[in-house]
Amino acid sequence: MKDRKIEEYLQSSLKNGAEGHPLKKEETIAGCIAVMRRQKGYVEEERTGFWQFLSDVLRFEGLAIFGLQAGVLLLVCMWAGAIEDVSHYIPVFTPLFALAVMPPLFRSQFYNMGEMEAATRASEVEIIIAKLILAGAANLISITAFFCVVMHVQNSSENMGQIVLYGLVPYLVCMTAILRLIRMHRKERISVYAVAAAGSCMVWGLSAKALPWLYETSAAGLWIVLFVIFAGFFSKELCFIWEMKREGKIYGSIN
């Protein structure tokens with residue numbers, strides 16, 4: 001009997017508290033803000049803009065992102081210069097540029113800092129977007145330089161369109177998988193994906209020898225279809241990231 005009375009009393013108290021004085025609550029909050037602003041030396045903090053935030057991320061992550069890209073570019077160019085028909089082996093190399101951006105992109109997951117990033121003033125999504133912008137810029141510079149090296153080795157720019165398709169299709173496949181890994185927040189799968197991506201380079205290398213028709217002009221339509229499909233997947237992931245930023249939500253889950 002006493003338990004029932006206590007339960008009824010608590011429910012009544014909670015209900016009255018919830019329906020109590022909402023204006024008093026707002027007044028208390030406003031009063032606290034006014035007291036803080038009257039404190040000596042208070043300065044209204046200016047909100048950091050995205051471009052300033054991007055500059056800060058560049059300062060902390062730029063060396064890792066661009067340094068890894070430069071190392072991969074040097075290795076790939078040396079390797080490409082030793083191959084006779086290098087255009088057939090372009091799909092072997094471009095996934096390596098995507099793999100090079102994994103360490104900075106997955107740093108927070110590796111060190112279990114996802115929850116802290118989600119609680120920062122700059123949301124976790126903004127951090128991901130800033131890193132993707134820097135990674136995309138580094139990839140664009142590196143892949144463009146690699147294509148220029150390929151054309152120099154071939155002493156011709158006639159097949160430039162096919163070279164771009166050969167390079168971008170495997171790259172988009174890897175980048176789409178990376179974005180999905182970020183969204184799933186599964187640290188244990190990072191090493192599995194890295195091994196799988198490296199294995200895909202070997203598969204592309206074998207296809208250059210076993211399926212030479214795949215790199216002929218007649219197969220350009222197939223490469224275009226693959227490019228459209230994976231560009232669509234990649235764009236869909238980017239749109240989803242932007243939607244999460246606009247709604248103030250977390251991109252994926254926190255482990």
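For Met202, the requirement of being open to solvent by 60 Å² or more (accessible area, probe 1.4 Å) and not basic (Lys, Arg) is met. All conditions but one from (1) of a type outside the set (Gly, Ala, Ser); (2) modelled with pLDDT of 85 or more; (3) open to solvent by less than 40 Å² (accessible area, probe 1.4 Å) apply to Ile190; the one that does not is (2). Whenever a residue of region 222-241 is surrounded by 12 or more Cβ atoms within 10 Å (Cβ to Cβ), its partners that are outside any helix (DSSP H, G or I), lying with C-beta atoms within less than 6 angstrom and at least six residues away or across chains, give the pairs Ile241/Tyr251. Here Val195, Val150, Val173, Val169 are screened, and the one residue that is open to solvent by 60 Å² or more (accessible area, probe 1.4 Å) and either at pLDDT 80 or above or of a type in the set (Lys, Arg) (or both) is Val195.
Going through (1) open to solvent by 40 Å² or more (accessible area, probe 1.4 Å); (2) modelled with pLDDT under 75; (3) part of a helix (DSSP H, G or I) one by one, Gln109 falls short only on (1). Scanning region 133-155 for residues that are of a type in the set (Val, Ile, Thr) and touching a Gly at 6+ places or on another chain (Cβ under 8 Å) yields Ile143, Val149, Val153.
The values are calculated or read from the model by the stated rules, or taken from the named source; none is laboratory data. None of the values given here were measured: they were computed from a predicted structure. Cβ: placed from backbone, ideal geometry, glycine included. Neighbour counts: every protein chain shown. All accessible areas refer to the heavy atoms of the entire protein, side chains included, with ligands and DNA or RNA removed. Shrake-Rupley method; radii C 1.70, N 1.55, O 1.52, S 1.80 Å.
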